[in-house]
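Taking it in order: structure first as structure tokens, then the write-up.
The values are calculated or read from the model by the stated rules, or taken from the named source; none is laboratory data. Since this is a predicted model, take the numbers as computed values, not measurements.
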Amino acid sequence: MKVYEIKDKDLNNAINRQFSESGVEQKAFRYFARANRFIAGTATAYNPEFILTNLFRDFQQALTSVGVNLKDSKAKFVANYKKAGQALIDANLPFWLSWLRMFYH
């Protein structure tokens, strides 16, 4: 392992502060990263519409990829996709039904 000594005081300070956890830049970065994750979540994970549209988009992309790479496996892929979709519905149906009951009753 090589060790380099930085004799320029300003350069040394800038490099060492870049990796410090208590720097103002790090705190600002963490704050905006948290806000960014929340905004991204409202568009994806917290949005019920996204789940359905993303499911179809992923299906099209995967079917195209499988068709290009493995020509004989399209039917097997579709059969497995149906099983996976049913498992997803079975796992999440009680959750979505509870939300529907809140808004329709």
>> Quick check on segment 23-37. Is at least one of its residues not assigned by TED's automatic domain parsing to the domain that holds G85 and not in a helix (DSSP H, G or I)?
In response: yes
> Looking at segment 79-105, which of the residues that are in a helix (DSSP H, G or I) and more than 24 Å from the chain's Cα centre (by Cα) is nearest to D58 (Cα to Cα)?
Replying inline: A79
